[in-house]
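Student: Please find one structure pasted underneath; my questions will follow.
The values are calculated or read from the model by the stated rules, or taken from the named source; none is laboratory data. Since this is a predicted model, take the numbers as computed values, not measurements. Here the Cβ positions follow ideal geometry from the backbone for every residue, glycine too, while neighbour counts run over all protein chains shown. Just so you know, the surface numbers come from the protein's heavy atoms only, side chains and all, with ligands and any DNA or RNA stripped out. Shrake-Rupley method; radii C 1.70, N 1.55, O 1.52, S 1.80 Å.
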Amino acid sequence: MREWLDGPVHYIIDTDEIKEFKAQKTDKDRAAFIERFWRRRDPTPNTIVNEYRQLFWNRVRDANEKFLDSSKLGWQTDRGKIYILYGQPDEVKEDPFADAGTGGKSSAGLIRWVYVNPGGRKDMDPVVYVPFVRDVTGEYRLSYDPKLSSPFFTWSQVEDNRTVGLGSLLSSIQPGGSDPLSVMLDLGKMQEVPPQESIVLDSVETIETFAYDPLPLAIDRFQPGGASFLVVLTAAVPGPPGSEPPSILARFSHKGTKTGAQILGEGSFRIEGEGDARVAQARIVLDAAPWELTVLSVEPGSGASRIFKGRVEPLAAGPALHLSDVVLAIAMEPLPFAAQASYESPYIIGGFHVIPRAEARVKRGESVRLFFEIYGGTSPYHLAFQLEGQEKDGRWVALGKPQEHDGTERGQGFELETKPSWPIGPYRLRVKVADAAGASTESLASWSVLAPKSP
């Protein structure tokens with residue numbers, strides 16, 4: 001959780017808060033600080049939703065999706081930082097072939113953003129021009145060239161190094177230090193609701209109790225291609241309709257070392273569903289190695305936290321027949337168009353829209369929906385699904401005959417309706433797949449059947 005400070009929040013956190021965060025000794029204390037950090041910026045503290053927090057992470061998400069022409073994540077780019085601090089510009093003009101004339105320090109490419117009355121601030125020009133010049137690495141960098149940020153700039157002047165007119169905001173505040181973005185950090189507290197950053201609340205609510213409870217979490221692994229594997233995390237985050245979901249952070253690390261850790265920040269988790277069915281999902285592609293996983297969820301109102309700690313092993317790779325994890329799903333349906341297939345979009349696995357169950361529990365009378373993918377081997381495939389139940393002595397016994405069919409698709413779905421007569425207790429489905437070459441493999445999906453709630 002120490003890595004939180006290195007994420008997008010370092011654009012808005014102040015020096016005293018950095019010191020306070022670094023002084024925290026445990027992840028529990030750091031998580032409590034994160035909640036206090038966002039409470040200080042809540043423009044409407046008497047309501048459930050923290051609008052500023054939502055605005056911030058929406059902008060982080062948008063930056064990651066918009067600025068894909070960089071080797072960095074979108075939020076780490078100069079454009080990403082300005083976007084997070086200022087929001088969507090009022091006007092964007094771009095010429096990928098323009099020569100900005102910076103003496104060999106750039107390649108062709110110029111973008112100019114225009115902000116009209118940014119953030120409603122009174123301490124800057126009513127119209128701000130923000131230029132980005134592509135450097136020799138192909139990265140667009142914030143430029144402090146007064147010609148490019150001048151209101152008198154015309155695109156025909158990009159090959160003329162003479163200064164035209166007076167400098168605008170960016171040229172007039174050029175810093176003496178080596179970090180030009182530090183100026184934007186100082187003056188860039190421009191949000192759609194200005195008080196969210198211009199006023200720091202005097203009173204800070206202290207979280208008195210901060211107990212860890214278990215976090216219900218489903219971990220599903222897939223092998224979309226290559227030696228690496230995809231891990232999809234789905235956490236149960238139930239709450240009243242319209243309530244703000246908890247903050248969730250996840251860290252993947254190698255046992256015994258802090259190097260090479262992978263972090264899923266607050267902006268990585270997407271919410272789906274409402275009420276008791278509400279879940280949050282994030283995904284990450286990992287190298288084929290064992291990983292230690294820690295997931296922390298913190299409620300926005302009380303600061304109460306839930307935690308999951310476990311281990312994630314890589315899936316088998318290569319041409320041999322093998323399966324993904326079998327996902328126990330709340331909902332599952334094929335996508336209407338093949339072009340929608342993705343392993344990056346939330347709640348989409350290949351050609352299916354899948355909402356996993358964070359807890360392996362099914363109420364009697366509900367349908368059991370299962371999804372998995374087949375990798376390697378030779379199609380067509382023969383699939384067999386055998387339902388099993390657990391006796392009181394612990395033995396697993398087959399219930400009825402297996403359901404069998406043939407298929408050629410990578411993504412496979414299976415649905416089983418539970419009956420009102422089913423005894424409550426543990427069940428599982430044994431999935432067997434055989435290919436045309438005679439190879440076979442199998443996997444299990446387990447769940448418990450619960451009695452439905454009384455009306």
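Student: Considering only region 261-316, give the strands (runs of 3 or more DSSP E) lying wholly within it that have at least 3 residues that are charged (D, E, K, R).
Tutor: Strands (runs of 3 or more DSSP E) meeting the threshold: 305-312.
Student: State which residue is modelled with the highest pLDDT when the search covers only region 207-239 and only residues that are within 26 Å of A360 (Cβ to Cβ), in contact with a strand residue (DSSP E or B) (Cβ under 7 Å, 6 or more places away or on another chain) and part of a loop (DSSP other than H, G, I, E, B).
Tutor: The qualifying residue modelled with the highest pLDDT is P216.
Student: Does V362 fit the bill of being at pLDDT 95 or above, open to solvent by less than 40 Å² (accessible area, probe 1.4 Å) and under 29 Å from the mean Cα position of the chain (by Cα)?
Tutor: No, not satisfied.
Student: Another one. Kindly indicate whether G394 is at pLDDT below 95 and under 24 Å from A439 (Cα atoms).
Tutor: It is false that G394 is at pLDDT below 95 and under 24 Å from A439 (Cα atoms).
Student: Which one of the conditions (1) open to solvent by 40 Å² or more (accessible area, probe 1.4 Å); (2) at pLDDT 75 or above does W113 fail to meet, given that it meets all the rest?
Tutor: The number of the failed condition is (1).
Student: Here is a check on your reading of the model: is F67 closer than 20 Å to S268 by Cα and either at pLDDT 90 or above or of a type in the set (D, E) (or both)?
Tutor: Yes, satisfied.
Student: Consider I34 carefully, then state whether it is part of a helix (DSSP H, G or I), surrounded by fewer than 19 Cβ atoms within 10 Å (Cβ to Cβ) and of a type in the set (V, I, T).
Tutor: In short, no.
Student: Given the condition closer than 16 Å to W447 by Cβ, open to solvent by 70 Å² or more (accessible area, probe 1.4 Å), charged (D, E, K, R) and not in a strand (DSSP E or B), answer yes or no: does some residue in region 338-358 qualify?
Tutor: No, region 338-358 has no match at all.
Student: Same structure, new question: Can you tell me which residue within region 375-413, out of those that are in a loop (DSSP other than H, G, I, E, B) and touching a Gly at 6+ places or on another chain (Cβ under 7 Å), is most open to solvent (accessible area, probe 1.4 Å)?
Tutor: Only one residue tops the list, namely R410.
Student: Here's a follow-up. Which condition breaks for G242 when tested against (1) among the small types (G, A, S); (2) surrounded by 16 or more Cβ atoms within 10 Å (Cβ to Cβ); (3) in contact (Cβ under 8 Å) with a residue 40 or more places away in the chain?
Tutor: (2)
Student: Anything in region 317-336 that is assigned to a loop (DSSP other than H, G, I, E, B) and loosely packed, with under 15 Cβ neighbours inside 10 Å? List them, or say none.
Tutor: Listed by number, the residues that qualify are G318, P319, A320, P336.
Student: Right, something else. Identify, from the list A437, A398, A360, the residue that is closer than 26 Å to A316 by Cα and touching a strand residue (DSSP E or B) at 6+ places or on another chain (Cβ under 6 Å).
Tutor: Result of the check over A437, A398, A360: A360.
Student: Oh, and also: Just one of the numbered conditions (1) assigned to a helix (DSSP H, G or I); (2) of a type in the set (S, T, Y); (3) modelled with pLDDT of 85 or more is not true of Y52; which one?
Tutor: Unmet for Y52, out of (1) assigned to a helix (DSSP H, G or I); (2) of a type in the set (S, T, Y); (3) modelled with pLDDT of 85 or more: (3).
Student: Let me ask you something else. Return only the number of the condition from (1) modelled with pLDDT under 90; (2) of a type in the set (V, I, T); (3) part of a helix (DSSP H, G or I) that T47 does not satisfy.
Tutor: (3)
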